[in-house]
C-alpha cells in the first residue's frame, strides 16, 4: 500500500489484483451490467492510482476505494435513471422456500433489483462487502443513522421475498 | 415480528456494542418471536449468499502501462526525504562545478618586470646557443683530426711499402752487378791462364 502510494506500479498491480473482484461485483450488483461494471472498475482503479497520494490513512484504503467506486456507479446511474426506474417495476419473485439453489440466486438478484439504489448499495456494502455502518457512512458520505435505516429497510424487503413467514398450509 | 426494545437486525449484523449484544442473547431463549425473526434474517442471509461473486471478465492491467508510471521527478517531488537529499546533492554539485569552472586570477605584470624577464630569456637563449655552437665546432674539429690522422697513417704506410720495394730492387741490382763482375773476373783469369 505504501509502495503503491509512492508510485510503485508493481505494488499497485498487486493491490488491484487483490481488490478488483470485490469492486467489480459491487459495481455489478449496483449497475447490473457486466460491461458497464468492467468499464467502471477500470475507471475506479485509474482514479484511485492518480489520487492515491491523497489518501492519508492507508488503513482506510478499502473504504476510500469503495467511495470512488460509489461515485463512479452513481454517476452512471444518474445518466440512465429512466431505464433503471423501469427495471425496478419487475414483478416480485416467488418465495425462496420453494426454489432450487439456482432459482434462489435468481430470486435474490430480482429482490435486490427491486430495492432502491440507495437501499441496494447499502445492503451490498453491508452483506456482501462486510463493511461496518461507520465505514459505509464514510463511503456514502451520509450519517450512520441513514446507513442503518437503509440497511434495515432493505433487509425487511429482502426478507419478505427470500424468507417469508410460513402460513398454515405452506410446507 | 419481534420485541421492539431489542435491535435484532443490529445483533444479526454484528453492529451492537457488547452490552446490548449480551442483552439480546439473554432475551432470545425466552422469546419465540425474536428467535423466529432471527431465523428469518439468517435464512435471508443464506439466500443472499447463493448469489456468488462473479469472476471479473478481464483483468484490470492498465496500470502496468509505462505511461501511468510517474516520471522520476514526480516521484522525487512527492517524497520529502528524497527531495531533501536531492536538494543537498544539487547544492553540492553546484559548489563543485563553480569551483572548477571559475577562471583563475590573472596578475598583470609591470613593465619593468617584463623587460627583466625578456633580458633573462635572451641571456638564457644566447647561453644555450653558444654552448650548442661550441659543441658543434668541437665535434667537427674532432672529426677532421681523426680524418687527417687516418690519411697520414695511410700515407706513411704506403711510403714504407715503397721504400721496402726500392731497397729490394737496389739489392737485386747490386747482386746482378756483382755476379757480372765475378763472371768478367773469371773470364779474364781463364784467358790469362790459357795464354
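The values are calculated or read from the model by the stated rules, or taken from the named source; none is laboratory data. Keep in mind that what you see is a predicted model, and the values were worked out from it rather than measured. Every residue, glycine among them, receives a Cβ derived from its backbone with ideal geometry; neighbour counts consider all protein chains shown.
Among what's in segment A:108-137 and is in a loop (DSSP other than H, G, I, E, B) and free of Cβ contacts under 8 Å to residues at least 24 places away in the same chain, pick the residue that is nearest to residue B:48 (Cα to Cα).
Looking at residues that are in a loop (DSSP other than H, G, I, E, B) and free of Cβ contacts under 8 Å to residues at least 24 places away in the same chain, I get A:130.
Identify, please: which residue in segment A:13-39 is under 16 Å from residue A:79 (Cα atoms) and more than 9 Å from chain B (Cβ to nearest Cβ) and is, among those, surrounded by the most Cβ atoms within 10 Å (Cβ to Cβ)?
A:27
Just checking, which of B:121, B:60, B:56 is surrounded by 10 or more Cβ atoms within 10 Å (Cβ to Cβ), in a loop (DSSP other than H, G, I, E, B), outside the structural domain of residue B:11 (by TED's automatic domain parsing) and modelled with pLDDT of 85 or more?
None of the other options fit; the residue is B:56.
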